[in-house]
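Colleague: Pasting a structure here, questions to come.
A short reminder: the numbers here are calculations on the coordinates, not readings from a lab. Note that the structure is predicted; figures quoted are calculated from it, not measured. Here the Cβ is made from the backbone with ideal geometry for all residues, glycine too, and neighbour counts use every protein chain on show.
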Amino acid sequence: MAAPAVWSDLAAEQAGVVSRSQLLALGLTGSAVAARLATARWVRLLPGVYATFTGPVPPIARVWAAVLYAGPPAAVGGVAALWLWGVVPALPEVVTVCVPATRRVRDQPGVRVVTLARWLPAHHPAALPPRLRVEEALLDVAAAADDPVRVVDLLLRATQSRHTTAERLRSALGQRPRHRWRTLVGEVLGDVVDGVRSPLELRWARDVDRRHRLPSPERNVEDVGPDGRRRYRDLRYRRWGLVVELDGREAHPDDARFRDRARDNLVVESGEVPLRYGWREVAGTPCEVAAQVVRVLRRRGWNGTPRACGPRCPFAAGPGTSSD
């Protein structure tokens, strides 16, 4: 029989969770395992997987239980993997576990098992609990998302928190020519890499301006401030005194936030109105953005008629909608 220290050391490395196969490999007998379960010293979490403690099961123990049930080889995927990497704040109720395409493992309550054709490049070779690389997990979750705002949010969370880089994500995206959000992901990552705002400006022109028949703004207008410094306004509706700044990176360090505030203050000082939007708004809620722009333009003298881009657009109810 294995000494308690042997399996207890293993359990300590796995958040108090062990598998039957691990215990037997260490020399613990089936009857010894059954005795611990019968006396409630251990608790069965999943088939062949046990908690060596009683009481509430913490999230990390749930993850270990799922991956021990499915493997080896197995790796945590989906949102659960993003939670392990620190990209998202909460572990989902159902833990996704990935296995090679050659294996077949049944789902269990709280565990969803998926097969991967690209097993070797997708899973991380050293991380514990075993998991997919953050880039692979993120692109999987993004592909399943129905909301572009969710896709943008995940990309920004992962890159701004430095859990990955835009370059690594673009490399992973290159292996997925049929990714559902390939164009959007590529545009956002382009902004993240070098701060180029043209993809965001193009999306603004397509989804905010043209689809809603708004007046065309001047783009990348150079201004010289009172201090003599040259600044560029992304979009300027000069006739109506409205300036729109498009923030391709979304989250700036403190010094950049200071510069943004200073730039907005100069706009106000000049008698114009500043509005600021990022990927979340322009890609996720372009109709609501257009409605806000129209409200400001109306109050400053624009008398044009915006166009509804669809039945759910704020302008679908008529010219006065969302402009009062």
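Colleague: Quick one: what does P(r) look like for the stretch 71-158 with 5 Å bins over all Cα pairs, in whole %?
Modeller: Percent of Cα pairs in each bin: 3, 15, 26, 26, 18, 8, 3, 0.
Colleague: Same structure, new question: Quick one: go through the stretch 67-81 and flag any residue whose amide nitrogen is under 19 Å from the point 7 Å out along the Cα-to-Cβ line of R36.
Modeller: Once the point is set 7 Å along Cα→Cβ of R36, 67-72 turn out to lie under 19 Å by backbone N, inside the stretch 67-81.
Colleague: Please order T165, T285, T96, T29 by the number of other Cβ within 10 Å, starting at the fewest. Mind dumping the intermediate values first?
Modeller: Numbers: T165 15, T285 18, T96 21, T29 12.
Sorted ascending by nearby Cβ count, the order is T29, T165, T285, T96.
Colleague: Roughly how compact is the stretch 4-132, stated as its Cα Rg over 2.2 N^0.38 Å to two decimals? Intermediate results must be reported in sequence, preceding the final value.
Modeller: Numbers: Rg = 14.5 Å, N = 129, 2.2 N^0.38 = 13.9 Å.
Against the compact-globule rule of thumb, the ratio is 1.04.
Colleague: Can you run phi through the Karplus equation (6.51, -1.76, 1.60; θ = phi - 60°) for the stretch 98-109 and list ³J(HN,Hα) in whole Hz, with x for Gly and Pro?
Modeller: 9, 9, x, 5, 7, 9, 10, 10, 6, 5, 9, x
Colleague: Taking the Cβ of each residue in L156, L82, L45, L24 as the centre, tally the other Cβ atoms inside 10 Å and list the residues starting with the fewest. Before the final figure, lay out each step's value.
Modeller: On the way: L156 19, L82 26, L45 23, L24 14.
Least crowded to most crowded, the residues run L24, L156, L45, L82.
Colleague: Hey, can you grab everything whose amide H is under 5 Å from the amide H of V111? Only 5+ residues off in sequence or another chain; H modelled, so Pro and N-termini drop out.
Modeller: The list, which skips near neighbours in sequence, is V95.
Colleague: Let me ask you something else. Where Lys and Arg each count +1 and Asp and Glu each count -1, what net charge lies around A172 among other residues with Cβ under 11 Å from its Cβ?
Modeller: Values: positive: R118, R133, R168, R170, R176; negative: E135, E136, D140, E167.
Counting the neighbours of A172, the net charge comes to +1.
Colleague: Would you mind giving the three semi-axes, in whole Å and largest first, of the ellipsoid equivalent to the stretch 135-194 according to its Cα gyration tensor?
Modeller: On the way: eigenvalues 46, 32, 23 Å².
Working through the eigenvalues yields semi-axes of 15, 13, 11 Å.
Colleague: Hey, with R₀ at 56 Å, roughly what FRET efficiency would T29 and E167 work out to, going by the Cβ-Cβ distance, to 0.05?
Modeller: Values: r = 52 Å, r/R0 = 0.92.
E(calc), rounded to 0.05, equals 0.60.
Colleague: As a footprinting exposure proxy, order E136, E187 by other Cβ within 10 Å, with the fewest listed first. Don't skip to the end; give the middle numbers.
Modeller: On the way: E136 24, E187 21.
Ordered by Cβ neighbours within 10 Å, fewest first: E187, E136.
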